[in-house]
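Below: the structure, in structure tokens.
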Amino acid sequence: MGLITLSEVKPGLKLGNDVQTLRGNVLFQKGKVILPKDVEVLRAFMIHQVDIEQERTGASSTGKALPTSSSQAAGNEKNGERAGNGSSTVSAPVLPSLYEEYEKMVALTKNAFLSSLAAELPVYEIRTQLEVLFTHIKQYNVLTFSPRVMQEHDYVYHHAVLSAITSYQLAQWMDLPSKDWMQVAFAGLFHDIGNNKVDPQILHKPSTLTASEQEEIRQHTKYGYQVLKQAKAINEGARLAALQHHEKVDGSGYPLQLSGTQIHIYAKIVAIADIFHAMTLEKIYRKAQSPYLVLEQIQSEAFGKLDPAIVNVFIQRSTQIHNGIRVKLSNNQIGEIVFSDRDHPTRPMVSVEGTIINLMQQRQLHIQEVMG
């Protein structure tokens with residue numbers, strides 16, 4: 001059919017070539033079947049012409065456009081083919097088995113933490129359960145996963161398990177050798193185990209800490225390293241993550257004011273997971289924050305505080321699978337992400353009842369909640 005104008009674009013037509021934005025990002029991929037809402041996206045990006053492969057891909061008895069083959073139709077639905085930055089993007093459904101294994105992991109972690117002062121950590125048992133949990137890693141989505149039930153005083157154990165899963169996934173995203181993945185997970189799980197030796201009244205104090213209380217809190221990094229030094233089957237990198245996860249690449253962190261390459265890569269990974277889950281998990285004295293706002297804060301800390309290369313991988317990969325996901329905006333409107341610019345992944349375009357809201361332009365708004 002060739003090039004046609006935007007006014008001629010109808011749902012059901014099939015693209016003969018990629019559609020690109022003025023900045024060169026791929027908006028729609030070649031072979032995509034145009035959906036009704038896609039016409040609005042094209043209009044929002046001021047696309048004047050598109051290349052159509054053939055006039056129509058077929059129609060059902062109800063008048064709805066269908067792909068030329070059932071396999072392509074299934075593929076489009078399964079892969080979640082939507083407006084995006086050139087990749088088929090969809091959030092895999094969270095299976096009950098992921099929740100079940102997660103909850104077993106939280107219970108095991110709680111028992112391990114409570115007994116760690118009196119006995120050796122049950123590392124073999126923990127590793128076995130982590131291995132079972134990670135068989136469901138493809139169903140884990142860091143921006144949408146949240147515990148089904150969380151008792152007020154179990155925050156620390158949920159935070160530990162979530163940090164383990166996210167650290168494990170981030171190690172994969174960074175293409176670290178597979179032998180590192182489980183050790184990075186241990187690093188995430190045990191990074192705050194030193195808090196067991198901190199006065200609980202200080203640890204859970206909701207008001208501002210005094211200087212001496214802050215110093216006591218900071219000792220948890222050293223305490224954690226000492227606990228893990230006695231544990232078998234945990235490597236030095238995982239131990240150093242407990243010691244170094246509050247170090248900053250500019251040397252402003254603690255306890256040793258290390259900088260740059262002095263900080264172990266496991267500690268740099270865990271630092272990001274730690275911050276993300278500390279801010280997005282509900283606490284007794286603080287509401288959970290929007291995952292997208294937290295990503296923006298982490299991004300701002302990539303300059304001097306966190307490792308910018310690891311931060312970039314985390315933000316790009318965690319937001320990549322969110323085109324087509326339903327979200328609640330800070331004004332309580334419900335919409336669907338239709339396009340994510342790779343340069344501004346935390347500020348996507350959201351379709352709300354047929355209207356495209358560009359969060360890059362409307363800075364007063366942000367994604368409050370990812371609804372899946």
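The values are calculated or read from the model by the stated rules, or taken from the named source; none is laboratory data. Worth saying up front: this structure is predicted, and the values here are computed from it rather than measured. Cβ: placed from backbone, ideal geometry, glycine included. Neighbour counts: every protein chain shown. Only protein heavy atoms, including side chains, enter the accessible area calculation; ligands, DNA and RNA are left aside. Shrake-Rupley method; radii C 1.70, N 1.55, O 1.52, S 1.80 Å.
What are the residues in segment 280-320 that are open to solvent by less than 20 Å² (accessible area, probe 1.4 Å), out of contact with any strand residue (DSSP E or B) (no Cβ under 7 Å at 6 or more places or on another chain) and part of a helix (DSSP H, G or I), if any?
If the condition is that a residue be open to solvent by less than 20 Å² (accessible area, probe 1.4 Å), out of contact with any strand residue (DSSP E or B) (no Cβ under 7 Å at 6 or more places or on another chain) and part of a helix (DSSP H, G or I), then Val294, Leu295, Ile298, Ile310, Val311, Phe314, Ile315, Ser318, Thr319 are the ones that fit.
Can you name the residue in segment 1-39 that is of a type in the set (Asp, Glu) and surrounded by 15 or more Cβ atoms within 10 Å (Cβ to Cβ) and is also modelled with the highest pLDDT among such residues?
Asp18
Consider Asn323 against the criteria (1) at pLDDT below 90; (2) surrounded by fewer than 18 Cβ atoms within 10 Å (Cβ to Cβ): it satisfies all of them except one. Which criterion is unmet?
Of everything listed in (1) at pLDDT below 90; (2) surrounded by fewer than 18 Cβ atoms within 10 Å (Cβ to Cβ), Asn323 misses just condition (2).
From Ile337, Ile325, which residue is under 19 Å from Leu295 (Cβ atoms), touching a Leu at 6+ places or on another chain (Cβ under 9 Å) and not small (Gly, Ala, Ser)?
None of the other options fit; the residue is Ile325.
For the subset of segment 221-245 comprising residues that are in contact with a helix residue (DSSP H, G or I) (Cβ under 7 Å, 6 or more places away or on another chain), outside any helix (DSSP H, G or I) and open to solvent by 40 Å² or more (accessible area, probe 1.4 Å), which member is nearest to Leu121 (Cα to Cα)?
Top of the filtered list is Lys232.
At least 1 residues that are modelled with pLDDT of 85 or more and open to solvent by 10 Å² or more (accessible area, probe 1.4 Å) in each: list the helices (runs of 4 or more DSSP H) lying fully within segment 50-167 that qualify.
It comes to 96-115, 123-134.
Quick check on segment 248-267. Is at least one of its residues crowded, with 21+ Cβ neighbours inside 10 Å, over 23 Å from Leu365 (Cα atoms) and touching a residue at least 60 places away in the same chain (Cβ under 8 Å)?
Scanning segment 248-267 turns up at least one residue that is crowded, with 21+ Cβ neighbours inside 10 Å, over 23 Å from Leu365 (Cα atoms) and touching a residue at least 60 places away in the same chain (Cβ under 8 Å).
Need pairs with beta-carbon distance below 6 Å; first residue acidic (Asp, Glu) and within segment 336-350, second assigned to a strand (DSSP E or B); sequence gap 6+ or separate chains.
Glu336/Arg326; Glu336/Ser351
Which residues, counting only those in segment 326-345, are modelled with pLDDT of 90 or more and in a loop (DSSP other than H, G, I, E, B)?
Within segment 326-345, Ser330, Asn331, Asn332, Gln333 meet the criteria.
Being open to solvent by 40 Å² or more (accessible area, probe 1.4 Å) and part of a strand (DSSP E or B) is the filter; apply it to segment 348-372 and report the residue that is farthest from Tyr140 (Cα to Cα).
Thr355
If I ask for residues that are assigned to a helix (DSSP H, G or I) and open to solvent by less than 90 Å² (accessible area, probe 1.4 Å), which ones from segment 198-220 would you list?
Those that are assigned to a helix (DSSP H, G or I) and open to solvent by less than 90 Å² (accessible area, probe 1.4 Å): Pro200, Ile202, Leu203, Ala211, Ser212, Glu213, Glu216, Ile217, His220.
Every residue in segment 218-233 that is among the β-branched types (Val, Ile, Thr) and at pLDDT below 95, please.
Residue satisfying the conditions is Val227 alone.
Residues that are of a type in the set (Ser, Thr, Tyr), under 25 Å from Tyr155 (Cα atoms) and part of a loop (DSSP other than H, G, I, E, B): does segment 259-278 have at least one?
no
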